[in-house]
Each structure stands twice: as C-alpha cells, then as structure tokens.
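What follows is one structure encoded as structure tokens, with my remarks underneath.
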Amino acid sequence: MSVLPSSGLPPPIAEVNPSGMGDAVYRACFELSPAAQVILGPKGELRDLNAQACLVMGHERNALLGQRITDVVHPEDQAALYAAISHSTEHKSPFEIECRVQSADQGLQWFLVQSRPADHADLGTVWYTLLADITERKKQEAWLAHRNALLTALSHNLPGMIYVFRPGPDKAGRLDFVSEGVRQLFGATPEEALASPWVLYNRVPPEDLNKFFQQRDEAIGGATRLHSEFRVRNQAGELRWCAADSVAGVDADGNEVRCGYIADITEHKLYQEARMAAETAERASRAKSQFLSRMSHELRTPLNAVIGFAQLLQMDTQPALVEGQKHKVKLIERSGAHLLDVISDVLDLSRIEAGDMPLSIEPILLGNVISDAQAMVAESAQRAHVSLTESGHVWGVHVMADRVRLRQVLVNLLSNAVKYNRPGGEVRVHVALDDEHVLMEVHDTGVGLSDKQIAHLFEPFNRLGAENSGIEGTGIGLVIVHRLVELMGGAIHVSSQAGQGTTFTLRLPAVEVDPKSDHGALDEAIPASGQATILYAEDNEINVLLVRQILELRPAWKLEVARSGADALKLAAQVQPDLLLLDMHLGDMSGFDLADLLDKDEATRGVVKIALSADAMPDRIHAARARGFSAYLTKPLDVAALLRCLDEHLSTESRNAGA
C-alpha cells in the first residue's frame, strides 16, 4: 500500500450549485456512475455505495453496508488506511491511497482510493470516496520492476559492457546507457562514458579505432548487425582484445539507436592463435611423416636388392664363392647394413621427436637382453680384438622397460664401446642394485672422452671429432639412447677419462617377478611345412627376382607373382593361395586396398596376409596389424627372417589350426 498526494477530487458538497436539479438526479448520477463510489461515515464505516462499487468489491450491498472500509481491504493494508483516515479526520484534508481487496470472485485486486471529507448536518464528517481499479497497472509496474531488476543485475554482473549508442552529427555520437562493465574493460566510470564517448575511444589504438569507425558507420548506414574486433588498453596499461556487437533499434520517439555489447575476447584470440599454431605444427608433422615414409621407401627399396642378393650369394653353394669373392660380398652386405642403420637411426630420432615412438613397458629379465645384445656385437668385437665380459647381478634381475628398445640401447652402447676401443681391450657390462633401481654399467678401455666432449655428447649429428677417424657413425646413436632411456623412465650418466676409457651407467626401475611367471626360452625349431602356394603382389622386378631366389630355398613352395593389385585379385581367384605376400605400394592401389578387396571374397578372406614394404613408419605397421595382417616385414629383407616368418605361417601345425 502507498499513500499518494491527493489531486483532482471534487469539492465539498456544500460548495456545489445544483442549478435547479433535484436529489433524484444526483442519486441517479451516484447509482449509475461507471466509477465505483463510496460514502464513508465518521468512523470509516460504509454508509452507502453504488452498484459499481459492489461489483468491484465482489459483495452485495447489504453485506458491505455498515462495515468499516479498513475491514474490507487486505489485512496488510488496514493499518495504513486507518492512519490515512485518522489524519484526514484531524486535519479535515482529503487523502489518496492504494490498497488491495480480496474478492471471492475476482481474487486479489488493487484499488486507488481517493477520498474527501465533508460536514453533514446529521452524520457529522463523511468522506466521499472514489475507488479506481488499478490491478492491471500494478501488474505492469511489477513486471517493469522485475525487468529493471534483471537489467540492473545484468548491467552490474555481466563480464562485458552493455551500451546504447545514438548516432550524432559528429563521429563520436552519444552514449545513452553504459553498464558497469565499462570499469573493467576501459577503466572508466559509466558517468564518464556518458559524458563523452572519447573517454573510451582514447583507449583504443588509432589503427583499430579507424577500422571500428568504418565498420560502425557501414552498419548504421545499412541498418545491419555490427561485429568489430579491436584492442583496448585497460587501466593497468595492458592491451586486451575486445569485440563489439550491436544491432539497430529505435527509441520511444522513433529515433535510431544501436543496442550493443562489448566483450573481452583476449583468451579466445589466444586460443585461436594456439589452435592455428597447433594446426600448422600438425600439418608440418604430417608432411614430415609423409616425407620420412616416402624416403624410407625410396632408400630401403634399392637396399633390399643390395643386402638381399649379398645374403643369397653367401648362402649359395652351387658354385661356392672363393675367399676373395666372399670378402667382397661381405663388404657389400656390411656397407648396405651400415646405410640401413643410418636410415633407421634417422627415422627413430624423428619418431622420438614427434612423440610417435610406441613402447611396451613390461618386466624384463635383464640377463636375456644383455646376452642378446652381446651376441649381436660379438662378430664386430672379434674383428676388433675386443673381449666382451660381464659382472655383478646380471642374472635374476628384472627391470621395467621395452624389451626391443632396451636391447637397441645396449647394442648401441656396446657397439660404440667396441668401435672406440683399442686392440686387446675390454668391454664389461656390470649390473648392481640400488634401492628400487638397477644400475647397469657399460665400461670400455678405449680412448675416453674429455669434459668438453661429454658436454656435447648427446647433441644430434655431433661426432665429437670422430668424423675424421675413419670409424663409421652418424652422431645420432647416443641421442636416441638418451631419449629412449628417458622414455622408459630411466636415466643415463657418463663418466670418462681421456686415454683410460668411458663408463655409461643406465638407471632403470627394478621390479620383483615371480620366477614361475617368467617366460621361458622360445622354441627355435623350424616347424615342418609341406606343399604351399604363395601369391606375391609386387610391381618392382628386382624385388620379385630377389624373393623368387629366396623361395628357391624351399622347393616345396610354389610362387605366383602379380605385378599389380588388379592382377593379384584375378590370380588369387584362380590359384587359391595358401599365403598372400603383399607389397604396400603397388602401382594401381595400396596393399591395404588390395587386402580389403581380398577380404570381400569368401575364397580369400581367411588367407594369411603378410605385408612386405620399404615403409617402416610405426603408423603403417600398426595400421597393418589392425587390418588383419599377420606380419609386417620391412625392406631391406633379412633372408633368414623372411624364411622364418613364412615357415611359421605355412607350418603344418599353423595351417591345421587355421583350418
């Protein structure tokens, strides 16, 4: 309830000049008035009321007559109405008040009560009262109050700035409204911004401001949506990116205004830049992977012929090579193997740097890895007259590592220890336990390293002056060793004295393993194989010739050759092969495409597929496994490895299991 100042009430009845009209006319005017009229007695009781008053109050006349008006209104409004009547009685003054009436038919209604006192000869002071239904107006006021509260909350709590801009004769225009967000974005108060928009414009660099003015004026001219991005120097002096968006509107007088919002988009800009940088890096990584894949294929393909035929010449006994020829063939094979090592090292380093080096970390019996690595370098150690020894807890100790990569690390360290040793020297592997770790030392009695050389030891392609020594090397082997050890959760340390030797110490996580669960030695016996037909899809004649000569070592096998993917599909349907040997880069399709087409035919769906490719990238190998290839052999071919693989998959046991 609210008490309002009175205005527009009729004068007291004593001042009215009826101009000859009778009481009946005035009574009819009272009864038939479209306005609700009430006459209150000295105590505020209802002495009379017209039909409209009964209607809006929701009661019959007889039920209302005699009741105090304070008893008719809502309980929460009774005290204020009583106070208004008391004040009017004391001062003989009119009053105006808003109050509520609860009606059974119409529910809660709001009324504006306007009342003027007058003296009556018989009754004393009476009040002539009008009741105006203002329920709809009150609903509108409540809706507007809620809307204003919402807008005020948005204005104070939104992180950006709401504004209403009015175009003017000058470039600056005028701001009709600015929210509290202006403080955060521009370091100004709403009052300062309303006084002059230049308080905000001066925070924008000139080149950005000119662009904003141009975009804004184009949007105003075309009555289109505005989106403009610009920098703002905030109160702390920091340049932040902001975006202004506005739409055209009109004010109450029909004049054009722009309603808009300015937000800080600095983080969004940084995210966009980071995403673009990431996409650029990803494209570069893909291009690098494609380049490496292609280079791997182009380099390994000719090496396949060099190393493969060299191995075949050494295995050929009809006729046997003389000693001089054997030596030359060994040089060919060794040179090819060295080039292959260089290619493999470059690819490994690229994979590590790209984070694409797959590892299988598991408990490994360290003695087996040491034994394998020593066997792999035994021939070179014998040629160099260097002895390989071991000491400490070599056997019975397990470490958490990738078996293949740990062997690669150890072979690299042992090879270097042999290469840079002296005739009659020693390379010793010593294993010790250190709390939860295993320390494995590779010590040599070679030329040693200076402190300056050790400082640059793990730099790619830095051979520390050995490039002029005649000793083969690329300068990236130790870089790969260092990074592989770290990827396996270990660490590597180097100590050396010039002229006395070098010691590399690997620190690897130790693990306890139940001896019963450890893997035993693999059965190296070659399984028996019978008659078999192998379909080889290859478009390179040299590779075909090499594989054909290798398979002559297995007379029971028949080789069918397809020079393209289309030929392979036709030939597979004709010969029903027992095994598919597929090159991954055919002239008309890839090995994957050919495998998919073969799998669609029930006759060839279950045939063993072995990939044969010069592409040694890990993603290709993983993809082949996922597409159902049983093995993936990389070129240059290892003759013995190819034969072992084919023996395994064409063995009687394997084919019976497949059946």
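The values are calculated or read from the model by the stated rules, or taken from the named source; none is laboratory data. These figures come from a predicted structure and were not determined experimentally. All Cβ positions, even for glycine, are placed from backbone atoms using ideal geometry, and neighbour counts span all protein chains on display. When the accessible area is computed, the model is the full protein with side chains, heavy atoms only, and any ligands, DNA or RNA have been set aside. Shrake-Rupley method; radii C 1.70, N 1.55, O 1.52, S 1.80 Å.
Points to keep in mind about this one:
- Count of region 430-460 residues, restricted to those that are closer than 14 Å to Leu414 by Cα, of a type outside the set (Val, Ile, Thr) and in a strand (DSSP E or B), is 5.
- Residues within region 535-560 that are more than 20 Å from Ser630 (Cα to Cα), touching a strand residue (DSSP E or B) at 6+ places or on another chain (Cβ under 8 Å) and among the β-branched types (Val, Ile, Thr), tallied: 1
- Filter result for Gln214 (surrounded by fewer than 16 Cβ atoms within 10 Å (Cβ to Cβ), modelled with pLDDT of 90 or more and not hydrophobic (A, V, I, L, M, F, W, C)): yes
- In region 453-474, the condition of being basic (Lys, Arg) and either farther than 21 Å from Ala384 by Cβ or at pLDDT 90 or above (or both) is met by no residue.
- Residue count for region 484-500, restricted to those that are part of a helix (DSSP H, G or I), open to solvent by 50 Å² or more (accessible area, probe 1.4 Å) and in contact with a Leu (Cβ under 8 Å, 6 or more places away or on another chain): 1
- Of everything in region 242-273 that is among the hydrophobic types (A, V, I, L, M, F, W, C) and part of a loop (DSSP other than H, G, I, E, B), the residue that is nearest to the chain's Cα centre (by Cα) is Ile265.
- Matching entry among Ala572, Ala623, Ala631 (being surrounded by fewer than 22 Cβ atoms within 10 Å (Cβ to Cβ), more than 30 Å from Ile332 (Cα to Cα) and free of Cβ contacts under 8 Å to residues at least 60 places away in the same chain): Ala623
- Scanning region 32-47 for residues that are farther than 13 Å from Val72 by Cα and surrounded by fewer than 20 Cβ atoms within 10 Å (Cβ to Cβ) gives Leu32, Ser33, Pro34, Ala35, Gln37, Gly41, Pro42, Lys43, Arg47.
- If the condition is being open to solvent by 10 Å² or more (accessible area, probe 1.4 Å) and hydroxyl-bearing (Ser, Thr, Tyr), then region 156-185 contributes only Tyr163.
- Within region 52-71, being open to solvent by 60 Å² or more (accessible area, probe 1.4 Å), among the hydrophobic types (A, V, I, L, M, F, W, C) and either touching a helix residue (DSSP H, G or I) at 6+ places or on another chain (Cβ under 7 Å) or modelled with pLDDT of 90 or more (or both) holds for one residue alone: Leu65.
- Within region 320-375, the set of residues being within 24 Å of Ser387 (Cα to Cα), at pLDDT below 80, of a type in the set (A, V, I, L, M, F, W, C) and open to solvent by 50 Å² or more (accessible area, probe 1.4 Å) comprises Leu331 only.
- Only one entry in Glu362, Glu426, Glu459 is farther than 20 Å from Leu484 by Cβ and of a type outside the set (S, T, N, Q), namely Glu426.
- Selection over region 52-84 of residues that are aliphatic (A, V, I, L, M) and touching a Leu at 6+ places or on another chain (Cβ under 8 Å) gives a count of 8.
- Residues of region 72-82 that turn out to be surrounded by 13 or more Cβ atoms within 10 Å (Cβ to Cβ) and free of Cβ contacts under 8 Å to residues at least 24 places away in the same chain, as a count: 1
- If you go through region 90-115 and keep only what is open to solvent by 60 Å² or more (accessible area, probe 1.4 Å) and at pLDDT 85 or above, you end up with Glu90, His91, Lys92, Leu108.
- For region 575-617, the candidate set comprises residues that are of a type in the set (S, T, N, Q) and surrounded by fewer than 20 Cβ atoms within 10 Å (Cβ to Cβ); within that set, the residue that is farthest from Leu551 (Cα to Cα) is Ser590.
- Number of the exception - His87 against (1) closer than 14 Å to Ala36 by Cα; (2) open to solvent by 60 Å² or more (accessible area, probe 1.4 Å): (1)
- Residue, most open to solvent (accessible area, probe 1.4 Å), within region 118-155, restricted to residues that are in contact with a Ser or Thr (Cβ under 9 Å, 6 or more places away or on another chain) and over 30 Å from Ala193 (Cα atoms): Asp119
- Residue check: Ser415 meets all listed conditions (1) assigned to a loop (DSSP other than H, G, I, E, B); (2) surrounded by 19 or more Cβ atoms within 10 Å (Cβ to Cβ) but one, namely (1).
- Residue within region 4-20 that is modelled with pLDDT under 90, within 20 Å of Lys138 (Cα to Cα), surrounded by 11 or more Cβ atoms within 10 Å (Cβ to Cβ) and of a type outside the set (Val, Ile, Thr) present: yes
Results for (1) closer than 30 Å to Asn202 by Cβ; (2) touching a residue at least 24 places away in the same chain (Cβ under 8 Å), shown as yes or no for each residue.
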site: His120; (1), (2): no, no
site: Leu130; (1), (2): no, yes
site: Glu141; (1), (2): no, no
site: Pro159; (1), (2): yes, yes
site: Val164; (1), (2): yes, yes
site: Asp170; (1), (2): yes, no
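- Which numbered condition Glu552 fails, given (1) surrounded by 13 or more Cβ atoms within 10 Å (Cβ to Cβ); (2) farther than 19 Å from Arg605 by Cβ: (1)
- Annotation note: Cβ proximity below 6 Å between a residue of region 365-390 that is on the phi < 0 side of the Ramachandran plot and a residue that is at pLDDT below 90 and charged (D, E, K, R) (sequence gap 6+ or interchain) occurs for Val369/Arg407; Asp372/Arg407; Ala373/Arg407.
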